[in-house]
1. Would you look at the GNM of chain B, springs on alpha carbons closer than 10 Å, and say which of B:Lys70, B:Lys51, B:Lys101 moves the most?
2. Taking every residue in B:101-109, how many Cβ atoms of other protein chains lie within 10 Å of its Cβ, on average?
3. How do A:18-24, B:78-84 rank on mean C-beta neighbours within 10 Å, highest first?
4. Looking only at other chains, what is the average number of their beta-carbon atoms within 10 angstrom of each beta-carbon in B:35-45?
5. Provide the net charge surrounding A:Leu43, with neighbours chosen by a C-beta distance below 13 Å and charges set as Lys +1, Arg +1, Asp -1, Glu -1.
6. With label points built 7 Å along Cα→Cβ from the Cα atoms of A:Asp38 and B:Glu17, find their separation and express it in nm.
7. To the nearest 20 Debye, how big is the dipole of the range B:1-99 about its Cα centre, given +1 on the beta carbon of each Lys and Arg and -1 on that of each Asp and Glu?
8. Under 29 Å Cα to Cα from B:Lys70, which lysines show up? Leave out anything in the same chain fewer than 8 places away.
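Just so it is clear, none of the values below were taken in a lab; they were calculated from the coordinates. The shown structure was predicted, so the numbers you read here are calculated from the model rather than taken from an experiment. Cβ atoms come from the backbone with ideal geometry, glycine included; neighbour counts cover every protein chain shown.
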Amino acid sequence: EAAVTQSPRNKVAVTGGKVTLSCNQTNNHNNMYWYRQDTGHGLRLIHYSYGAGSTEKGDIPDGYKASRPSQENFSLILELATPSQTSVYFCASGDANRGNERLFFGHGTKLSVL
Amino acid sequence: GDSVTQTEGPVTVSESESLIINCTYSATSIAYPNLFWYVRYPGEGLQLLLKVITAGQKGSSRGFEATYNKETTSFHLQKASVQESDSAVYYCALGNYNQGKLIFGQGTKLSIKP
């Protein structure tokens, strides 16, 4: 079974601080994604990547950066965290060659910005 | 734009009763969208429940089924007899083979009364 691991599982940050959320996949998938989940909004796409060295803006990229240094790792970076970024973040991977018929998700990271 | 709307939660159903969670979509920029239902059990990441990539077809898994109706732009999730283990959050999503992205609905939290 494909595996996506996120760290940390929970994070409390201060306003203005830097936060890095990490994601590792052992599926050898080309595509990786960062979503956030908020009540009433469902999952919204922040950034995604087609492979090592590539990052693309999703639907709500403002205030976030992404980094894909390798096939396995995809990070989401909040340079200056704000309370509005309090949310649950999900990382996912998918096989571009199969048209992303199925995404594999991590367990999520609960971020609170105080 | 492209969007997914599903039954507003939370939804509570008694064990062994039938269930329907409505999902309608708008795919203005996607000629042939793929449709998915994902589920998130407590403490876990999202996982694929079922998918249908051809209009008019039905998908099924774990007793759940959904039919891709292009005329009504709907993909409702149904189950004839729910179990306590079905308590979870259910997400309807549409995807574009070429873009490799999924657009999610807001999620429907389902609770089953024993």
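1. B:Lys101
2. If you average over the peptide's residues, the count of other-chain Cβ atoms is 6.
3. Sorting A:18-24, B:78-84 by mean packing, highest first, produces A:18-24, B:78-84.
4. Mean partner-chain Cβ count within 10 Å for B:35-45: 3.
5. +2
6. 3.2
7. My answer is approximately 320 debye.
8. Filter leaves B:Lys51, B:Lys58, B:Lys79, B:Lys101, B:Lys109.
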